[in-house]
Amino acid sequence: MATLGIDALLRDFNDGRPRGLARAISWSESGRGAELVRRLYPRTGRAMTIGLTGPPGVGKSTLSSALVRKARSLGKTVGVISVDPSSPFSHGALLGDRIRLTEHFVDPDVFIRSMASRGHLGGLAGATADAVLLMDAFGLDVVLIETVGVGQSEIEIAELAQTTLVALQPGSGDSIQVIKAGIMEIADIFVVNKADHPMANQMRREIRGMMEMLQFTGWVPELVTTQALSGEGIDDLWKAIEAHVVYLNETGEIEEKRREAFTHQVRQLAMGRLQKRLQHELHDVRIDIDPYAAADALLTRFSASEDTADADEPPARPRAIVKGLT
Ligand SMILES: Nc1nc2c(ncn2[C@@H]2O[C@H](COP(=O)(O)OP(=O)(O)OP(=O)(O)O)[C@@H](O)[C@H]2O)c(=O)[nH]1
Ligand SMILES: [Mg+2]
């Protein structure tokens, strides 16, 4: 039954039908990505992957839309993944993405997908890495991943994408955040968006100042100023992205990037399974001993059951040992 499903899906996928890609990503989101990725993985490794992160409202979706327009003008096919942080405000964000990207909806060579990060470890959707692979295997030239920068997700996007863009808002104190959160290290390109903002120049100076304090080996982050709404600066941004890709290829660092994306996904998958099993074992944790002893006991049981337990189908839960409930 599942086999029939996957064959029909792959037929659509291989014929280049967007619904094949859409269904593949949906499968992945519902935890059925393993077989698909197994079959399609050999076809990956061609796409240019760009991560775009930054605080809420900085203009990420508007920048995405402008970058899509630029890539399309160069004849490139594009996939956009916008990761929804699943905050109480996420509906607004999603709606915002939709509005910002509408002009590309009718273009068959642009594939847009929103994904929720809810219920997964870390900030980025568990299925995001799959979606990147699937879009790559589908043959899209550029894959753009947009996510709101909320702590962990910036680091994750940098692991997943070859080129990481960090968008910053003039007049927001973002530059201080950048230093605090270690974002300096992950940005390949800083984008000061809303160049029409009166504080835009000051923001540029602050970033330049920050960069002077650091010593870079290899790639020195580019600083680009844009006005995403009018499209100003988008050509420069694209040039900076291309320069970074050239740098990665010429230095061979591209292999390092691929390895990073690979290990990122492996870690996500392994952590997800471990988390599931841990959750299961925690149901039975003893509370009549101290927490250190309980953790030791749990881990002993954990590794004892390692050979037999199946991550996806945990064995029937034994009766609780919690004192007073037995
Ligand atoms: N003045 C000005 N406004 C801009 C510019 N770029 C985007 N905006 C506006 O900023 C607002 C937020 O833009 P979005 O693209 O939705 O920002 P975002 O970072 O995707 O927002 P979230 O996804 O909610 O985090 C919108 O009203 C845009 O029209 C710009 O260059 N100048
Ligand atoms: Mg957005």
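A short reminder: the numbers here are calculations on the coordinates, not readings from a lab. The shown structure was predicted, so the numbers you read here are calculated from the model rather than taken from an experiment. Heads up, the Cβs are rebuilt from the backbone with ideal geometry, glycines too, and the neighbour counts pull from every protein chain shown.
Less than 14 Å Cβ to Cβ from N14, Lys/Arg counted +1 and Asp/Glu -1: what total charge do the surrounding residues give? Residues near N14 contribute +3 overall. Over all other residues within a Cβ to Cβ distance under 13 Å of A131, the charged ones net out to -3, with Lys and Arg as +1 and Asp and Glu as -1. Taking a ≥ b ≥ c as the square roots of the eigenvalues of the Cα gyration tensor, region 1-42 is rounded, since a/c falls below 1.5. In plain terms, the residue of H283, H104 with the fewest other Cβ atoms within 10 Å comes first and the most crowded comes last, giving H283, H104. Each of the peptides 213-225, 58-70 was scored by the mean count of other Cβ atoms within 10 Å over its residues; in descending order, highest first, they stand as 58-70, 213-225.
Taking the Cβ of I189 as the centre, find all other residues whose Cβ is under 12 Å away and add up their charges (Lys, Arg: +1; Asp, Glu: -1).
Working: positive: K239; negative: D188, E222, D236, E242.
Summing Lys and Arg as +1 and Asp and Glu as -1 gives -3.
Site pair K239 and M211 shows an inter-label distance of 1.4 nm when each label is modelled 7 Å from Cα along Cα→Cβ.
For T225, the residues whose modelled amide H falls within less than 5 Å of its own, excluding neighbours fewer than 5 places apart on the same chain, are V192.
Using the Cβ-Cβ distance between R46 and A297 with R0 set to 51 Å, the FRET efficiency from 1/(1 + (r/R0)^6) comes to roughly 0.55.
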